[in-house]
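Right, one structure below, let's go through it.
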Amino acid sequence: MPHPSIAAVETAWSDLRALVGEEHMRASMMEDAVDDVLPQMVIEPGTAEEVAGALKIATGAGLKVIPRGGATKMGWGNSPRGGELILSTRRLNRVVEHAWGDMTATVEAGCTFQHLQETLAAHGQRLALDPLWPEHATIGGILATNDSGPLRVRFGSLRDLIIGITLALPDGTLAKSGGKVVKNVAGYDLPKLATGSLGTLGIITQAIFRLHPVPRESRTLSFATSDDATSHGEGMNALVLAIQDCNMVPTGVQVRAGSGSAPEVDLRFEGTAAGCEAQTEQTMRLESGARRIESPADVWNAHAELFRGSEDCVVCKFSVLPADLGVFLESIRTVTEPLHLPWKLVAQAVGAGYLRFERCDSSAVISVLHDLRKKLETRGGSLVILRCPHEIKSTMDVWGSAGDALALMRSIKAQFDPTGVLNPGRFVGGI
Amino acid sequence: MEARILGQFRAIVGKGLITETSQLHTYECDGLTNLRVLPQAVLLPTSTSEVQAIVRICQREKIPFVARGSGTGLSGGALPVDNGVVISLARMNRILEVDLPNARVVVEPGVINSDVTMRVAPHGYFYAPDPSSQSVCSIGGNVAENSGGAHCLKYGFTTTHVLALEVVLPDGAIVHLGSRAVDRPGYDLPGIFVGSEGTLGIATKVVLRIVKKPAVIQTLLAAFNSTEEAGAAVSGIIAAGVLPAAIEMMDNLAIQAAEASVHAGYPNCGGLLLVELDGPAAEVEHLMEQVGRICTQCGAWEIRVAQSEAERAVVWKGRKAAFAAMGRISPNYIVQDGVIPRTALPRILGDIERMSAAEGLRVANVFHAGDGNLHPLVLYDGRIAGQEERAMELSINILRLCVKYGGSITGEHGVGEEKKMMMGEMFAEPDLETMQLVRCAFDPERLSNPGKVFPRTRLCAERTGPYQPHPLEVAGVAQFF
């Protein structure tokens, strides 16, 4: 793709300014950089139509566009191949409708998760999801990165909660799919296609979700397992499997582990007081060799803690078959011990979690990452690097294999974004 | 069809090739029997490689093909196409693997829905999607239609329970979508494939998620004087923050039909509600009391709670047999499948009643009331000239009403052939064009179940922009296949 001509770019800037208003477009600053790419302009459209219009102008001028919500996860994905314009959804921040009788909500992409939850709580409802950094993260960004947390054990991930979407495409089309009803099979399921697509197919301007009631009661239990810091996670695995095998309905089953510490398991029940009580008793009767311990403060936010502090750390998202979690812990211990590489992990019982390495030497970390990724991929899992120092990102694909469906994914990208306007290069396989 | 091509098909499937007209008639329609097209041939492959070999020939010769499971679909999704072949997956019916520690089951597409549950039930698991046809419909068909059922209010649809698929694409390539572990990097291809009604390729293997059976299941049956009262109870239950496993409603006509057919012992009332709660015993007991109170407050004059498996089976028997039971009270009927936001229920019921009276045609109503999924059954007598057309029009007008109330033209039966002309009433042209971009990526030549789902076909532009290597690739540090 040839570089856009200077004249075309100048025209595009003035067209964009005219579209959204002078005050909603500005030159970029250092903090707008995405990895080593510094876009020239930041635009903040106020309506979905303006988002679509801005994309059309950018596409026409050959400009690359990087969508942005709350900017909490801009480092996720591979480094972009380029990007002249940041399109921020910051001003699309309304909860359009809370149809509480129907338990659905329509919300604009730039609305923060926290604002949405506060609005829904007025009628005793919630979006049953617990993403990272809810006070800043926006609905659009959470969808684009398919973020989730401990609640997915019971309520699934975003694909199970989203029922409608509006997408702005690079050619300026504004397209809706799905709808406002929970049950709907009319047409292709674009809400699912857009979820987790990292803004590479279109910019999400609005989404519709199914909601759940805010539970009346919540009870958290934590356990030390029969494992110690050197054992292979059998005790932890036994406890997690026992919990899942006994007809209880927890809304959180979480494993915390790390170098130099024995794995611990957290369990949460929500619902009526009687239900929480009965399930707590049932858990205490499980014969798994586990010992109840005091739950650490804010334990259901433990995954967010892994991102705290040092910019030098490496944080990955991994996915593994649920019953392989113990084996995976063992693999981590085996590959990190000879290198004295400190690590920490928070996993949900569905088999998804986050893993952090303190950096000692980047070549050591890289070999560990390759090693673990290979082990996971062989068994249907994955390892995606979310945060790492530049020298790792410039030598490793953060996503890993997309398998034999990659060609199909490329075809989908080519249909939605034939000239590669949106987030070029950041997604799997260089999409 | 040319003998040359038939010969090639025969070389692949042997006796699994049907060309006799009398036998082809079996495949000329699915559960929507008023639309019929005779296929050129029917093929019954027994393996993925046979499916692939067939599709390759279709691709080379530009022969459209329609995949078919058990043929129970109600929207004409498996209706053959002119000059095309039908690929029946009925002989690919093995359960390949049961992985209990991970709660996964791997099946071929021809496996019958309820056989999955039957296989894992001894271990305390079940396969949650439960369309009323579950004892005969196939997993492959469920995947195509994203089938639901009474219990999807709590447990979700087929798409919730499909983790991965092996698919033969319309160009003959075999690809693997999704993974046994969650959140595979890349686009959610199982998410887009499930519910695509056979237009994106043929699933040859499906990895399903199974669910642990709840500790306790209780089903409440409540009799009301009217569907309005029953509808108010549904709203009350949801507003109280209770999420039942299922809430079903039947009106008097539907009750009469079910009674005549399977003698479920339903009270003769204006509106019947079935509410099923499941979960931990303490939770269910507490909530069931609450549900009972809400029903009584809304005017229920009889409430029964089925506790044993046998009692529950009887209660459900009437509901699951409701469609077929219409034959007892009417020579012919049309089943519709619309969805409305739940709160619009009382208004739409009033509208349907008025429309029914104006047309002089009876409409029986069976709903998945918890999620607003209506199944109005328009009764008519095909022997009376013009009645079928009027019934058809009435059923279409009910769907229009669903769209007007902010709902959908189909909740679980699919668009297929029957409702493709309604898509334009629910979606704008750019919406439909955008959906078809997906079709263009999977099946640019439109050989896989062509002409279904969309009112008009988008011409697929060759939109592969020049491939630009990622800097990592240029640097030789990463390979992107």
### Query
How many residues does the range A:303-322 contain that are away from chain B (no Cβ under 11 Å) and either among the acidic types (D, E) or surrounded by 21 or more Cβ atoms within 10 Å (Cβ to Cβ) (or both)?
7
#### Entry: Selected residue [more than 11 Å from chain A (Cβ to nearest Cβ), closer than 30 Å to B:L169 by Cα and in contact with a helix residue (DSSP H, G or I) (Cβ under 6 Å, 6 or more places away or on another chain)] from B:L208, B:L200, B:L221
B:L208
### Task
State yes or no: is B:L394 surrounded by 16 or more Cβ atoms within 10 Å (Cβ to Cβ), of a type outside the set (S, T, Y), within 19 Å of the chain's Cα centre (by Cα) and over 22 Å from B:D82 (Cβ atoms)?
no
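Regarding A:P80, is this residue buried (at least 17 other Cβ atoms within 10 Å of the Cβ), within 14 Å of chain B (Cβ to nearest Cβ) and either over 30 Å from B:G231 (Cβ atoms) or touching a helix residue (DSSP H, G or I) at 6+ places or on another chain (Cβ under 6 Å) (or both)? Outline the logic, then answer.
Details: buried (at least 17 other Cβ atoms within 10 Å of the Cβ): yes; within 14 Å of chain B (Cβ to nearest Cβ): yes; either over 30 Å from B:G231 (Cβ atoms) or touching a helix residue (DSSP H, G or I) at 6+ places or on another chain (Cβ under 6 Å) (or both): yes.
Yes; evaluated as a whole, the condition is true for this residue.
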### Query
Which one of the conditions (1) surrounded by fewer than 19 Cβ atoms within 10 Å (Cβ to Cβ); (2) closer than 23 Å to B:G149 by Cα; (3) within 14 Å of chain A (Cβ to nearest Cβ) does B:R347 fail to meet, given that it meets all the rest?
(2)
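Would you mind listing the strands (runs of 3 or more DSSP E) fully within the range A:326-431 where at least 2 residues are more than 27 Å from A:T225 (Cα to Cα)? Even if it seems obvious, please write down each step before you answer.
On the way: elements: A:343-348, A:352-357, A:382-387.
The strands (runs of 3 or more DSSP E) meeting that bar are A:382-387.
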### Query
If you check A:A290 against the conditions, is it crowded, with 21+ Cβ neighbours inside 10 Å, at negative phi and not polar (S, T, N, Q)?
yes
#### Entry: Criterion violated by B:S70 - all others in (1) within 23 Å of the chain's Cα centre (by Cα); (2) assigned to a helix (DSSP H, G or I); (3) crowded, with 21+ Cβ neighbours inside 10 Å satisfied
(2)
### Query
Mind checking whether some residue in the range A:162-181 is under 16 Å from the mean Cα position of the chain (by Cα) and aliphatic (A, V, I, L, M)?
yes
#### Entry: In the range B:417-459, the residues that are within 8 Å of chain A (Cβ to nearest Cβ), surrounded by fewer than 20 Cβ atoms within 10 Å (Cβ to Cβ) and under 23 Å from B:L169 (Cβ atoms)
B:E433
### Query
Do you know which of the residues in the range B:11-55 that are assigned to a helix (DSSP H, G or I) and out of contact with any strand residue (DSSP E or B) (no Cβ under 9 Å at 6 or more places or on another chain) is nearest to B:V81 (Cα to Cα)?
B:H25
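Looking at B:K62, B:K15, which is the one that is under 30 Å from B:S133 (Cβ atoms), among the basic types (K, R), out of contact with any helix residue (DSSP H, G or I) (no Cβ under 8 Å at 6 or more places or on another chain) and modelled with pLDDT of 95 or more?
Working: B:K62 fails: under 30 Å from B:S133 (Cβ atoms).
The unique qualifying residue is B:K15.
From the set of residues in the range A:378-387 that are touching a helix residue (DSSP H, G or I) at 6+ places or on another chain (Cβ under 8 Å) and either facing chain B (nearest Cβ under 8 Å) or modelled with pLDDT under 95 (or both), which is surrounded by the fewest Cβ atoms within 10 Å (Cβ to Cβ)?
Step one: list which residues in the range A:378-387 are touching a helix residue (DSSP H, G or I) at 6+ places or on another chain (Cβ under 8 Å), which gives A:379, A:381-383, A:385.
Filter once more, keeping what is either facing chain B (nearest Cβ under 8 Å) or modelled with pLDDT under 95 (or both): A:379, A:381-382.
Working: A:R379: 14, A:G381: 25, A:S382: 25.
Going through the qualifying residues, I end up with A:R379.
Just to check your reading of the model, which residue among A:A352, A:A407, A:A347, A:A323 is at pLDDT 95 or above and over 18 Å from the mean Cα position of the chain (by Cα)?
On the way: A:A352 fails: over 18 Å from the mean Cα position of the chain (by Cα); A:A347 fails: over 18 Å from the mean Cα position of the chain (by Cα); A:A323 fails: at pLDDT 95 or above.
Testing whether each residue is at pLDDT 95 or above and over 18 Å from the mean Cα position of the chain (by Cα) leaves just A:A407.
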### Query
When the residues of the range A:393-431 are filtered to those that are more than 7 Å from every other protein chain (Cβ to nearest Cβ) and polar (S, T, N, Q), which remaining residue is farthest from B:D171 (Cα to Cα)?
A:S394
### Message
Condition first: surrounded by fewer than 17 Cβ atoms within 10 Å (Cβ to Cβ), among the basic types (K, R) and assigned to a helix (DSSP H, G or I). Can you find one or more residues in the range A:15-31 that meet it?
### Response
yes
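Does B:V106 satisfy the criteria of being β-branched (V, I, T), assigned to a loop (DSSP other than H, G, I, E, B), in contact with a strand residue (DSSP E or B) (Cβ under 8 Å, 6 or more places away or on another chain) and in contact (Cβ under 8 Å) with a residue 12 or more places away in the chain? Outline the logic, then answer.
Working: β-branched (V, I, T): yes; assigned to a loop (DSSP other than H, G, I, E, B): no; in contact with a strand residue (DSSP E or B) (Cβ under 8 Å, 6 or more places away or on another chain): yes; in contact (Cβ under 8 Å) with a residue 12 or more places away in the chain: yes.
No; evaluated as a whole, the condition is false for this residue.
Looking at the range B:397-409 only, could you name the residues that are more than 14 Å from chain A (Cβ to nearest Cβ) and surrounded by fewer than 19 Cβ atoms within 10 Å (Cβ to Cβ)?
Step one: filter the range B:397-409 for residues more than 14 Å from chain A (Cβ to nearest Cβ), giving B:397-398.
Listed by number, the list holds a single entry, B:N397.
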### Query
Has the range A:306-317 got at least one residue that is in a loop (DSSP other than H, G, I, E, B) and farther than 21 Å from A:I385 by Cβ?
no
### Query
Among the listed residues A:L92, A:L63, which satisfies the condition of being surrounded by 20 or more Cβ atoms within 10 Å (Cβ to Cβ), more than 26 Å from A:V428 (Cα to Cα), of a type in the set (A, V, I, L, M, F, W, C) and more than 14 Å from chain B (Cβ to nearest Cβ)?
A:L92
### Message
Of all residues being charged (D, E, K, R) and under 27 Å from B:A246 (Cα atoms) in the range B:352-391, which is surrounded by the most Cβ atoms within 10 Å (Cβ to Cβ)? Just the residue, please.
### Response
B:D371
### Query
Any residue in the range B:335-357 that is of a type in the set (G, A, S), under 20 Å from B:K154 (Cα atoms) and not assigned by TED's automatic domain parsing to the domain that holds B:G236?
yes
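Does A:R285 count as in the same structural domain as A:Q348 (by TED's automatic domain parsing) and closer than 27 Å to A:E305 by Cα? Outline the logic, then answer.
Values: in the same structural domain as A:Q348 (by TED's automatic domain parsing): yes; closer than 27 Å to A:E305 by Cα: no.
Considered against the rule, which asks whether it is in the same structural domain as A:Q348 (by TED's automatic domain parsing) and closer than 27 Å to A:E305 by Cα, A:R285 comes out as no.
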### Task
Can you work out which of the residues in the range B:129-145 that are of a type in the set (A, V, I, L, M, F, W, C) and under 20 Å from B:G318 (Cα atoms) is nearest to the other protein chains (Cβ to nearest Cβ)?
B:C137
### Task
Of all residues in the range B:427-455, count the ones that are outside any helix (DSSP H, G or I), without any contact (Cβ under 8 Å) to a residue 40 or more places away in the chain and within 21 Å of the chain's Cα centre (by Cα).
3
### Query
Applying the selection to the range A:33-60, what residues are under 23 Å from the mean Cα position of the chain (by Cα) and crowded, with 23+ Cβ neighbours inside 10 Å?
A:V51
### Message
For A:L339, only one of the following conditions fails: (1) within 14 Å of chain B (Cβ to nearest Cβ); (2) on the phi < 0 side of the Ramachandran plot. What is its number?
### Response
(1)
### Any hit, the range A:257-279, residues being buried (at least 18 other Cβ atoms within 10 Å of the Cβ), of a type in the set (S, T, Y), within 14 Å of chain B (Cβ to nearest Cβ) and within 28 Å of A:R359 (Cα to Cα)
no
### Message
Could you check the range A:208-226 and list, in sequence order, the residues that are touching a helix residue (DSSP H, G or I) at 6+ places or on another chain (Cβ under 6 Å) and buried (at least 24 other Cβ atoms within 10 Å of the Cβ)?
### Response
A:T225
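The values are calculated or read from the model by the stated rules, or taken from the named source; none is laboratory data. Note that this is a predicted model, so its numbers are computed, not measured. Ideal geometry is used to build each Cβ from the backbone, glycine not excepted, and the neighbour counts take in all protein chains shown.
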